[in-house]
Amino acid sequence: MEVYTMVSSYQNRLTTIKDQDKSIAFVPTMGALHSGHLELMKTARGKADLVVASIFVNPTQFNEESDLVNYPKPLDHDIHLLENNQVDILFLPTTTEVYPPGIDLSMQLNFGNLTTVMEGEHRPGHFEGVVMVVHRLLDIIQPDYLIMGQKDLQQMTIIQSMIQQLDLSVALVGHSIVREASGLARSSRNTRISDELRPTAPILYKTLQWASESKPRLSPEEITTTAMQRLKEAGFVPEYFTIADADSLMPIQHWRETDKPVACVAAWLGDVRLIDNMRLYEARVDA
Ligand code: PAF
């Protein structure tokens, strides 16, 4: 695996990639890789000639300093995993490479409510940071495909909107949520859940499942209220449990044929913040 820490050295390499007319599938990460990321790498492998992954713990998307400080950074292990999972190139920049002094990263974008609901409401500034870094990374890496996980559904929707608004020539490919046998969605933050609270963690998924099963009998509001209660009783401190439309991300009040309801949740378990979601509609096979 080739490793580039500088933008200029990656871009020298990019010249040969483009000369050889090779396609690139790009998987941006913040490291602390788990099997969910490896599934993204596998999808990338099937899409393009070259797989480029990045590891960059982006400071601009952390709205809490303690989350940034506590974010796991097992770099040697990550590099080993990428090498063993057929990643061709790792981009491993420093903060100054991504954000050199004087660089103008301002963009005139309008995300409407996409950035103000759910994660946007509870993590002020988070999506501005995500949009900034993904745009910068796309500009550096120049991929044909961008591969992202659907656990961060809102992030994907916002990045898709950014791609459309800026008319970027990259195709966003979403990968379904990868779960542990218990149902808990794979996340880099899972390693921070204490042994004591570990058995509680899958209740997040079970509550989403309950919401899905309850759709024929209960209104979105009844599901939301009961789900919040269930999470609290189980020992979570939930921030939100929302049934939102997959495209607009706006909360759904009534079941309607035209909506694509997705149950989305964020909850604290001890000092670890977990998010998850589950589609409550049948996906069409034409996507
Ligand atoms: O999903 C993540 O890990 C991050 O938000 C991303 C897309 C790598 C940007 O830092």
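The values are calculated or read from the model by the stated rules, or taken from the named source; none is laboratory data. It should be emphasised that the depicted structure is a prediction, and the values quoted were computed from it without experimental measurement. Here the Cβ positions follow ideal geometry from the backbone for every residue, glycine too, while neighbour counts run over all protein chains shown. Please note that ligands, DNA and RNA were not included when accessible areas were found on the heavy atoms of the full protein model with its side chains. Shrake-Rupley method; radii C 1.70, N 1.55, O 1.52, S 1.80 Å.
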Counted residues in the range 144-172 being touching a Leu at 6+ places or on another chain (Cβ under 9 Å), farther than 24 Å from Trp268 by Cα and not polar (S, T, N, Q) come to 11
Would you call Ser188 within 16 Å of the ligand (Cβ to nearest atom), of a type in the set (Gly, Ala, Ser), farther than 20 Å from Met250 by Cα and surrounded by fewer than 18 Cβ atoms within 10 Å (Cβ to Cβ)? no
All but one of (1) away from the ligand (no atom under 13 Å from the Cβ); (2) of a type in the set (D, E, K, R); (3) at pLDDT 95 or above; (4) under 22 Å from the mean Cα position of the chain (by Cα) hold for Lys22, so report the exception by its number. (4)
Screening Arg217, Arg123 for residues that are in contact (Cβ under 8 Å) with a residue 60 or more places away in the chain and basic (Lys, Arg) leaves only Arg123
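Considering only the range 1-35, how many residues are among the β-branched types (Val, Ile, Thr) and surrounded by 13 or more Cβ atoms within 10 Å (Cβ to Cβ)? Full working, then the answer.
The first filter runs over the range 1-35 and keeps only residues among the β-branched types (Val, Ile, Thr), leaving 3, 5, 7, 15-17, 24, 27, 29.
From what's left, surrounded by 13 or more Cβ atoms within 10 Å (Cβ to Cβ): 3, 7, 17, 24, 27, 29.
Total satisfying the criteria: 6.
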List the number of the failed condition for Pro143; all other conditions in (1) closer than 29 Å to Ala246 by Cβ; (2) within 12 Å of the ligand (Cβ to nearest atom); (3) in contact (Cβ under 8 Å) with a residue 24 or more places away in the chain; (4) not charged (D, E, K, R) hold. (2)
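Pull up the range 275-284, narrow it to residues that are out of contact with any Leu (no Cβ under 6 Å at 6 or more places or on another chain) and not in a loop (DSSP other than H, G, I, E, B), then point me to the one that is least open to solvent (accessible area, probe 1.4 Å).
Ile275
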Failed condition for Asp67, given (1) surrounded by 18 or more Cβ atoms within 10 Å (Cβ to Cβ); (2) within 13 Å of the ligand (Cβ to nearest atom); (3) more than 19 Å from Asp139 (Cα to Cα), with all others met? (1)
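Listed residues Lys73, Lys42; which is at pLDDT below 95, of a type in the set (Lys, Arg) and either within 19 Å of the chain's Cα centre (by Cα) or more than 16 Å from the ligand (Cβ to nearest atom) (or both)? Outline the logic, then answer.
Values: Lys42 fails: at pLDDT below 95.
So the residue among Lys73, Lys42 that is at pLDDT below 95, of a type in the set (Lys, Arg) and either within 19 Å of the chain's Cα centre (by Cα) or more than 16 Å from the ligand (Cβ to nearest atom) (or both) is Lys73.
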List pairs: first in the range 75-102 and more than 20 Å from Ile141 (Cα to Cα), second outside any strand (DSSP E or B) and not hydroxyl-bearing (Ser, Thr, Tyr), Cβ under 7 Å, 6+ apart or cross-chain? Leu75/Gly31; Leu81/Leu33; Leu81/Leu38
All conditions in (1) in contact (Cβ under 8 Å) with a residue 12 or more places away in the chain; (2) of a type outside the set (Val, Ile, Thr); (3) outside any helix (DSSP H, G or I) are true of Met228 except (3)
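What strands (runs of 3 or more DSSP E), lying completely within the range 36-152, carry at least 2 residues that are among the small types (Gly, Ala, Ser)? Steps first, please.
Details: elements: 50-55, 89-91, 145-149.
Hits in the range 36-152: 50-55.
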Of the conditions (1) in contact (Cβ under 8 Å) with a residue 60 or more places away in the chain; (2) within 12 Å of the ligand (Cβ to nearest atom), Gln209 clears all except one; give me its number. (2)
